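**Student:** Quick one: this structure, given as structure tokens, is what I'll be asking you about.
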Amino acid sequence: MKKLAILLSFIVIISPLKSFAADVLVRDQDQFNAALKDVQPGDAVVLADGIWRDFEMLVEGKGTADAPITVRGQTPGKVILSGQSNLRLAGEHLVISDLVFKNGYTPTRAVVQFRKNKENLANNSRITNIVIDNYNNPERFEVDFWVLMYGKNNRFDHNHISGKKNVGVTMAVVLDTEASRENRHQIDHNYFGPRPVLGSNGGETLRVGTSHFSLTDSLTVIENNYFDRADGELEIVSIKSAGNIVRGNTFYESRGTMTLRHGNDNKVMDNVFFGNGIDHTGGIRVINANQTVSNNYMEGLTGYRFAGAFVVMNGVPDSPINRYHQVDNADMRNNTLVNSDFIQLGAGSDQERSAVPVNSTFEDNLIYHKKGGDLFTVYDDMSGINFAGNVMHMVKDPALDEGFDFQKIKMRRAENGLLYPVDEALAEKGVSRNLKVTKRADTGVDWYAKTPRPVAFGAGKTTKVARGENALSMAIAASEPGDVLVLDRGDFTATRTLEINHPLTIKGNSKRRKPVLDFERSALFQINDGGSLKLENIHLTGRAAPDNSGNSLIRTSRYAMLDNYRLEMVNVKIDDLDVNRAFDVLRVAKSTMADSIVLDRVDIKDVSGAVLKLNKETDNFGIFNADYVTIKNSRFENIGEEVVNLYRGGRDESTFGPHFLMQNSTIVNSSKGGRNKSGASVLLHGVQVADVENNTFTDSLPLKVEHTVSEPVTKIFGNKFVDSGAPSVEELNSDKENTAMMKNNSVVTTKEEAK
Ligand code: CA
């Protein structure tokens with residue numbers, strides 16, 4: 001019957017008497033291409049439900065405004081493009097909808113392009129109700145894009161775009177030829193789902209233009225989209241062209257800022273930012289001329305420096321096109337900043353960036369922080385901004401006072417979810433009462449679930465593991481994400497490397513009488529893509545490891561990993577990793593990234609290699625192997641190489657990490673092995689935030705900090721260095737004195753030979 005139906009629909013298509021639009025159901029790529037050949041305005045080509053593998057779909061045709069050509073999936077959510085699939089469209093009045101890209105990646109530079117090639121673009125066309133979910137090239141640093149908009153008057157709306165993990169902007173509006181400028185595209189009601197920290201430049205979610213064409217009008221409207229945990233890098237949205245409107249979008253727990261990076265005459269209004277206190281969540285960053293920033297609401301943003309809740313940059317006099325143009329004639333009014341930590345004016349001020357904002361207005365803004373305290377950092381002369389009518393919650397010694405009324409403000413949450421002052425007299429300050437907040441459910445598609453939070457350790461079920469041959473490896477194989485495996489007391493031996501493919505906790509029941517786990521292969525655990533590992537109340541020993549060099553207790557997959565992983569060790573004892581040379585606690589591969597590594601109450605002794613060797617990105621492209629490294633209440637003794645080597649090379653400024661915290665820990669007789677080339681027990685190179693407090697280094701190599709770029713924040717407080725040299729902080733790319741805060745450290749020498 002179905003075959004007959006297809007046949008009949010083809011007959012309709014080729015009939016010379018055809019006077020009405022037809023729906024053609026196609027079941028394979030040949031049928032699709034045949035149907036496209038004969039397609040007429042008003043027709044719809046319908047892809048049958050099922051999996052379409054390796055389908056490089058080209059939709060070329062000329063519809064009309066009244067009778068567009070439609071290509072759609074038969075049932076929303078049931079037409080899957082997988083493997084090496086992609087989509088290009090070229091022509092006029094095309095509408096594409098109801099497709100899902102997953103389980104694969106594009107073989108070309110983009111998943112979806114509004115063009116066939118440089119000469120043939122799509123205009124007046126629309127893509128709606130499509131999903132691109134984790135459609136990632138397996139090579140983390142192989143660049144591609146998910147959506148590239150070319151042509152004019154195109155619309156991209158109600159799509160679900162989530163989980164881009166390899167390098168490359170998720171979506172870009174391209175202005176590379178005349179035919180793509182003054183494009184008046186519409187990008188609305190999309191769900192831009194989580195984009196994890198990339199640990200490199202090239203992790204923006206949406207970019208409009210490039211610096212090269214930034215003085216041309218794009219006239220793109222970006223409205224009512226939802227940016228959900230769009231972390232990636234410093235810029236969530238990067239406007240690099242003129243005349244765009246960014247309106248009514250919600251930025252939820254997204255690190256970075258909506259940045260007016262290049263181009264003039266842009267309007268940013270009615271947007272809502274919820275940071276929920278998460279690190280590096282920012283608001284709006286203003287650069288260039290004639291920008292309007294009005295009626296935006298920012299709450300709970302913690303970002304500082306270029307990622308503040310509100311940032312006005314200094315420019316470069318006569319700036320080259322790719323640097324920073326002076327802020328001129330900026331209109332910044334009626335914005336509300338609530339419990340957001342940093343407002344930065346004249347940010348980036350230095351010898352090069354010396355052009356302060358001019359002819360600008362900052363008016364009727366409402367600024368409230370429950371903690372009080374001044375939120376403004378003023379880096380340069382701000383007399384070029386006219387401050388008027390602003391209201392700010394009580395502050396002692398404010399950096400700015402003219403144009404601000406300081407008073408005790410009481411805030412109350414309104415029905416739209418935003419906080420407003422209770423006092424009616426302040427009704428005209430900050431954002432309007434009728435600001436409509438775009439909600440997650442208003443965006444994307446309703447037939448495909450929005451991306452949940454990552455599975456937490458311990459979120460699954462608990463299973464006891466008795467001793468016995470391979471009991472642990474069988475329990476791991478049978479486990480599910482978030483599960484907890486509780487080991488019986490006594491000794492366990494792993495006869496094979498234990499592969500971790502999802503978040504998993506392995507622990508002993510008692511804090512004191514830890515089960516003992518040894519292993520007979522070159523590694524005990526291997527964290528694969530998607531895996532995360534927590535170890536607790538357990539004693540891990542290398543006593544049974546093979547007598548070869550280069551063993552490791554834990555390693556990442558030897559290949560590039562797309563998923564950032566988490567590694568946690570709590571109350572863990574580790575010893576006897578010294579049967580041969582270069583036996584590491586954690587060994588990572590290039591192109592892998594830990595979201596966090598936590599060592600708490602960990603006691604590590606007799607290791608011939610390193611503990612945390614996070615230095616595989618040696619190209620100096622600003623890439624690194626771990627975002628947050630935390631060591632607390634731990635002890636390291638007889639470690640051959642570094643306890644920590646955390647390396648981020650290069651001078652790129654697009655990332656917030658790495659972050660390092662070390663507290664109340666002890667390093668004894670460590671890092672003096674001949675294979676340690678860094679000359680340090682703890683080496684922090686290019687780390688952006690470092691906090692080293694109340695530790696003792698004894699008879700070990702020193703702590704070395706090397707600053708490279710981006711005004712890193714380094715605190716070295718209350719440490720004791722006994723026969724371990726003095727801590728050093730070096731500015732590698734600046735003549736200025738180092739910016740590290742160092743106090744209450746003591747350097748003690750008891751031995752003649754220790755200098
Ligand atoms: Ca960037």
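The values are calculated or read from the model by the stated rules, or taken from the named source; none is laboratory data. Just so it is clear, the structure is predicted and the values come from calculations on it, not from any experiment. So basically every Cβ, Gly included, is an ideal-geometry build from the backbone, and we count neighbours across all protein chains shown. Surface accessibility is based on the protein's heavy atoms, side chains included, excluding ligands, DNA and RNA. Shrake-Rupley method; radii C 1.70, N 1.55, O 1.52, S 1.80 Å.
**Student:** From the cross-link list Lys613/Lys720; Lys164/Lys461; Lys632/Lys720; Lys511/Lys573; Lys464/Lys511; Lys78/Lys450, which pairs have alpha carbons spaced over 20 Å apart?
**Tutor:** Values: Lys613/Lys720 23 Å; Lys164/Lys461 29 Å; Lys632/Lys720 16 Å; Lys511/Lys573 11 Å; Lys464/Lys511 16 Å; Lys78/Lys450 16 Å.
Too far apart for the 20 Å limit: Lys613/Lys720; Lys164/Lys461.
**Student:** Carbon and sulfur atoms: what percent of the 1.4 Å accessible area of the stretch 23-137 do they account for? Write down the numbers at each step before the final one.
**Tutor:** Values: 1810 of 4420 Å².
Using a 1.4 Å probe with all protein chains present, the stretch 23-137 comes out at 41 percent carbon and sulfur.
**Student:** Heads up, I need the accessible area for Arg72: 1.4 angstrom probe, whole protein in place, Å², nearest 10.
**Tutor:** Taking all protein chains as shown, Arg72 has close to 70 Å².
**Student:** Can you send over the carbon and sulfur percentage of the accessible area for the stretch 454-569, probe radius 1.4 Å, protein chains only?
**Tutor:** On the way: 2160 of 5070 Å².
Carbon-and-sulfur percentage of accessible area, whole number: 43.
**Student:** Treating only the Cβ of Lys, Arg, Asp and Glu as charged (+1, +1, -1, -1), what charge dipole size does the chain show about its Cα centre? Round to the nearest 20 debye. Don't skip to the answer; put the middle values down first.
**Tutor:** Numbers: 88 positive and 96 negative charges, 409 e Å.
Result for the chain is approximately 1960 debye, rounded to the nearest 20.
**Student:** What per residue convex hull volume, in Å³, do the alpha-carbon atoms of the chain yield? If you can, show how the numbers build up before the last one.
**Tutor:** Numbers: hull volume 136.3 nm³, N = 755.
Dividing the Cα hull volume of the chain by its residue count gives 181 Å³.
**Student:** Sticking with this one: Count charges around Ser211 for me, please; just the other residues with Cβ under 10 Å from its Cβ, Lys/Arg as +1, Asp/Glu as -1.
**Tutor:** +3
**Student:** Right, another one. Using alpha carbons only, how many angstrom separate the centre of the stretch 220-282 from the centre of the stretch 482-515?
**Tutor:** Going from one Cα centre to the other spans 43 Å.
**Student:** Excluding residues on the same chain fewer than 8 positions from Lys37, give the aspartates and glutamates whose Cα lies under 17 Å from its Cα.
**Tutor:** Within the straight-line cut-off, Lys37 pairs with Asp23, Asp28, Glu56, Glu60, Glu92.
**Student:** Given a 1.4 angstrom probe, I'd like the percentage of the accessible area of the stretch 610-755 that is carbon and sulfur, rounded to a whole number. Don't jump to the answer; show the numbers that get you there.
**Tutor:** Working: 2690 of 5880 Å².
Its accessible area is 46 percent carbon and sulfur atoms.
**Student:** Another question, if that's okay. How much net charge surrounds Ile287 when only the other residues with a Cβ under 11 Å from the Cβ of Ile287 are counted, with Lys and Arg +1 and Asp and Glu -1?
**Tutor:** So the environment of Ile287 carries a net charge of +4.
**Student:** If r is the Cβ-Cβ distance from Asp23 to Asn528 and R0 is 56 Å, what FRET efficiency results, to the nearest 0.05? Write down the numbers at each step before the final one.
**Tutor:** Working: r = 44 Å, r/R0 = 0.79.
Computed FRET efficiency for Asp23 and Asn528: 0.80.
**Student:** Treating the beta-carbon of each Lys and Arg as +1 and of each Asp and Glu as -1, no other charges, what is the dipole magnitude of the stretch 454-569 about its Cα centre, to the nearest 20 debye?
**Tutor:** On the way: 16 positive and 13 negative charges, 92 e Å.
It works out to roughly 440 debye.
**Student:** Rounded to the nearest Å, what's the spacing between the alpha carbon centres of the stretch 127-144 and the stretch 668-691? Just the number, please.
**Tutor:** Comparing the Cα centres of the stretch 127-144 and the stretch 668-691, I get a distance of 37 Å.
**Student:** Classify the stretch 454-569: rounded, prolate or oblate, from the alpha-carbon gyration tensor (a ≥ b ≥ c, eigenvalue square roots; a/c under 1.5 rounded; otherwise prolate if a/b is larger than b/c)? Present the calculation step by step, with values, prior to reporting the outcome.
**Tutor:** Details: a/c = 1.71, a/b = 1.03, b/c = 1.65.
Oblate, since a/c reaches 1.5 and b/c is not below a/b.
**Student:** Considering only protein heavy atoms, what per residue accessible area in square angstrom results for the chain with a 1.4 angstrom probe? Working shown, then result.
**Tutor:** Numbers: 29330 Å² over 755 residues.
Per-residue value: 39 Å².
**Student:** With a sphere of radius 15 Å drawn around the Cβ of Asn329, what net charge do the other residues whose Cβ falls strictly inside it have (Lys, Arg +1; Asp, Glu -1)?
**Tutor:** Numbers: positive: Lys267, Arg333; negative: Asp265, Asp328, Asp331, Glu363.
Here the count lands on -2.
**Student:** When the Cα centres of the stretch 75-97 and the stretch 554-571 are compared, how far apart do they sit, in Å?
**Tutor:** Comparing the Cα centres of the stretch 75-97 and the stretch 554-571, I get a distance of 35 Å.
**Student:** How much length would be gained if the chain were fully extended between Ala427 and Ala471, taking 0.36 nm per residue of separation minus their Cα-Cα distance, in nm to one decimal? Let's see the in-between values first.
**Tutor:** On the way: separation 44, 0.36 × 44 = 15.84 nm, distance 6.65 nm.
Gain on extension, Ala427 to Ala471, equals 9.2 nm.
**Student:** Modelled label-to-label distance, Asp350 and Gln74, 7 Å Cα→beta-carbon offset: nm?
**Tutor:** With each label placed 7 Å out from Cα toward Cβ, I get 6.0 nm.
**Student:** Expressed in nm to one decimal, what extension gain is obtained for the pair Asn669 and Asn276 from 0.36 nm per residue of sequence separation less their Cα-Cα distance? Show your work: numbers first, answer last.
**Tutor:** Numbers: separation 393, 0.36 × 393 = 141.48 nm, distance 4.28 nm.
Taking 0.36 nm per residue and subtracting the Cα distance, the gain is 137.2 nm.
**Student:** Turning to a different aspect of this structure: Please compute the contact order of the chain in relative form: average sequence separation of alpha-carbon pairs under 8 Å and at least six residues apart, divided by the residue count, as a percent. Numbers along the way, then the final one.
**Tutor:** Working: 2476 pairs, mean separation 41.1, N = 755.
Reported relative contact order: 5 percent.
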